[in-house]
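Novice: Before I ask anything, let me first share the structure, which is written out below as C-alpha cells.
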Amino acid sequence: MNWFRDYLLGPQSATHATEVDSLFMFIVYLTIFFFFFNGALIFYAARRWRRKSDREITPHITHNTKLELLWSLIPAVVVFVVFFWGFKGYVSAFIPPNEALEIVVTGKKWVWQFEYPDGTRSLNDLHVPLNRDVKLVMHSEDVIHSFFVPRFRLKRDVIPGRYTELWFRATQPGVQQVFCAEYCGKGHSDMLARIFVDTPEQYETFLREGDEQTRTMPLGELGRLVYENKGCATCHSLDGTRGQGPSFKGIWGHPADGSDGKNYVVDANYIRQSILYPQAVVVKGFEPIMPTFQGLLREREILGVIEYIKSLQ
Ligand code: HEC
Ligand SMILES: [Cu+2]
C-alpha cells in the first residue's frame with residue numbers, strides 16, 4: 001500500500017516522515033473502514049426494520065446500555081491512541097538531538113538565508129549532509145513566515161524576535177523543496193528554497209569551496225561580499241580614511257611600509273599573506289590586531305578579495 005501513501009503525501013525523505021505517515025495512514029484507513037462499516041449498518045437496519053404495513057406499531061425503546069457503552073468506549077480508545085501517537089511524534093519533531101549540526105535560518109521578505117557553523121552563508125540553498133541530524137535555529141527579520149518541507153513532513157513558524165527550532169535527518173540524497181507556508185506579502189509564493197541533501201564528499205566540497213554562488217560569482221563581486229560579510233569592513237575603509245587598519249583605497253601596486261623597516265609591494269601574494277598570516281608583515285603605524293582568516297575564507301574568496309582591492313584605485 002506504499003503507492004497509496006506516496007500518492008497522498010509524496011515520498012518520504014527524512015526519518016520524521018515515517019513517524020508522521022504511519023499515524024496519518026492509520027487515520028485514513030480507520031476512516032475508510034468506518035465509512036463502509038457505518039454504511040453497511042445503515043443499509044442493514046433500513047432493510048431489517050422497514051415498515052411492513054400501515055397498521056404496524058413500532059415498539060417504544062428508551063435506550064440500550066450495552067450498545068451505548070460500546071459506541072462511546074471504542075471511539076474514546078481510538079481518540080486516545082491517536083492523541084498519544086501524535087503527541088509522541090510532535091515531541092520527537094521539536095526536541096533536537098544533542099549532537100545535531102546547527103544551522104541558523106533567517107526568513108525575510110522574500111528569501112531564506114542560511115548560516116553554517118563555519119560562518120558560510122547562502123541564500124535559498126541549504127546544503128545538509130545525508131543521514132546526519134541537522135538542527136535549524138530559525139528567526140525572522142520582518143513578519144511571520146513558516147518553514148515547510150513537505151517531504152520531510154515538517155513545518156514550523158519563523159517568528160520575529162524569537163527563535164524556533166526544527167530538526168531532521170535526511171534519508172534520501174537529492175533536492176527537497178521548501179515553501180513558506182504563512183502568507184507574508186507580495187512575494188510569498190516566490191519564497192522558495194531548496195535543500196540539497198549531499199553525500200559526505202559533496203558536503204565537504206560545499207564547505208571548502210562554497211555554494212554555487214561562491215563558485216560562480218564574478219571574483220570582484222565575491223570580494224565585495226567577503227569584505228562586507230566577513231568583518232573586513234569594521235577595520236578597513238574604502239575611501240582612504242584610517243580605521244583600525246589601513247584603508248584599502250589605492251594600496252594595490254603601491255609599496256607598504258613594514259614596521260620591520262622593509263618595503264613591500266602590495267600584490268596578490270602580499271594580500272594573501274596579510275589575510276592568512278597577518279602578523280608576517282605589520283604595516284608601520286598600526287597595531288598587530290588583525291585576526292587570521294585561515295580556514296575562514298575559501299581560496300576563491302581570497303582571490304575575490306584580491307580582485308576587489310585591485311579595483312579600488
Ligand atoms: C580587527 C581589525 C581587522 C580586521 C577585522 C581585518 N583587518 Fe586587515 N588589517 C588590520 C590591521 C590593524 C592591519 C595593519 C597591520 C598588519 O598588517 O597586520 C591590517 C592589514 C591588512 C592588509 C595589508 C594592508 C596594507 O596596506 O598593507 C590587508 C590586505 C588586509 N588587512 C586585509 C584584510 C581582509 C581581506 C580582511 C577581512 C577578511 C581584514 N583585513 C580584516 C586590521 C584588521
Ligand atoms: Cu514568508
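The values are calculated or read from the model by the stated rules, or taken from the named source; none is laboratory data. Since the structure is predicted, the reported quantities are computational estimates derived from the model, not experimental observations. Here the Cβ positions follow ideal geometry from the backbone for every residue, glycine too, while neighbour counts run over all protein chains shown. Ligands, DNA and RNA are excluded from the accessible area calculation, which covers all protein heavy atoms including side chains. Shrake-Rupley method; radii C 1.70, N 1.55, O 1.52, S 1.80 Å.
Novice: Looking only at residues in the range 280-309 that are assigned to a loop (DSSP other than H, G, I, E, B) and over 38 Å from the mean Cα position of the chain (by Cα), which one is surrounded by the most Cβ atoms within 10 Å (Cβ to Cβ)?
Specialist: That would be V281.
Novice: Could you pull out the residue among V134, V226, V143 that is open to solvent by less than 20 Å² (accessible area, probe 1.4 Å), among the β-branched types (V, I, T) and outside the structural domain of E299 (by TED's automatic domain parsing)?
Specialist: After applying the criteria, what remains is V134.
Novice: Yes or no: the range 73-94 includes at least one residue that is within 30 Å of V128 (Cβ to Cβ), open to solvent by 90 Å² or more (accessible area, probe 1.4 Å), at pLDDT 85 or above and touching a helix residue (DSSP H, G or I) at 6+ places or on another chain (Cβ under 9 Å).
Specialist: yes
Residues checked against (1) within 14 Å of ligand 2 (Cβ to nearest atom); (2) in contact with a Pro (Cβ under 6 Å, 6 or more places away or on another chain); (3) at pLDDT 90 or above; (4) within 16 Å of V111 (Cα to Cα):
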{"residue": "I144", "(1), (2), (3), (4)": "yes, no, yes, yes"}
{"residue": "F147", "(1), (2), (3), (4)": "yes, no, yes, yes"}
{"residue": "I159", "(1), (2), (3), (4)": "yes, no, yes, yes"}
{"residue": "Q177", "(1), (2), (3), (4)": "no, no, yes, yes"}
{"residue": "G185", "(1), (2), (3), (4)": "yes, no, no, yes"}
{"residue": "F206", "(1), (2), (3), (4)": "no, no, no, no"}
{"residue": "E209", "(1), (2), (3), (4)": "no, no, no, no"}
{"residue": "L219", "(1), (2), (3), (4)": "no, no, yes, no"}
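Novice: Out of all the residues in the range 241-254, is one or more of a type in the set (G, A, S) and open to solvent by 70 Å² or more (accessible area, probe 1.4 Å)?
Specialist: For the range 241-254, residues of a type in the set (G, A, S) and open to solvent by 70 Å² or more (accessible area, probe 1.4 Å): absent.
Novice: Checking R298 against (1) more than 8 Å from ligand 1 (Cβ to nearest atom); (2) free of Cβ contacts under 8 Å to residues at least 60 places away in the same chain, which test does it fail?
Specialist: Among (1) more than 8 Å from ligand 1 (Cβ to nearest atom); (2) free of Cβ contacts under 8 Å to residues at least 60 places away in the same chain, R298 violates only (2).
Novice: Which of the residues spanning the range 105-122 are closer than 19 Å to R208 by Cβ and within 16 Å of ligand 2 (Cβ to nearest atom)?
Specialist: If the condition is that a residue be closer than 19 Å to R208 by Cβ and within 16 Å of ligand 2 (Cβ to nearest atom), then F114 is the only one that fits.
Novice: Ok, one more. Being part of a loop (DSSP other than H, G, I, E, B), more than 8 Å from ligand 1 (Cβ to nearest atom), surrounded by 12 or more Cβ atoms within 10 Å (Cβ to Cβ) and of a type outside the set (S, T, N, Q), is that true of even one residue in the range 255-264?
Specialist: no
Novice: Quick check on this structure: which one of K135, K88 is within 9 Å of the chain's Cα centre (by Cα) and not aliphatic (A, V, I, L, M)?
Specialist: K135
Novice: With the structure loaded, tell me whether T214 is of a type in the set (V, I, T), open to solvent by 20 Å² or more (accessible area, probe 1.4 Å), under 30 Å from V283 (Cβ atoms) and within 15 Å of ligand 1 (Cβ to nearest atom) or whether it fails that test.
Specialist: In short, no.
Novice: Take the range 1-45 and flag every residue that is open to solvent by 80 Å² or more (accessible area, probe 1.4 Å) and closer than 14 Å to L154 by Cα.
Specialist: Within the range 1-45, just F24 meets the criteria.
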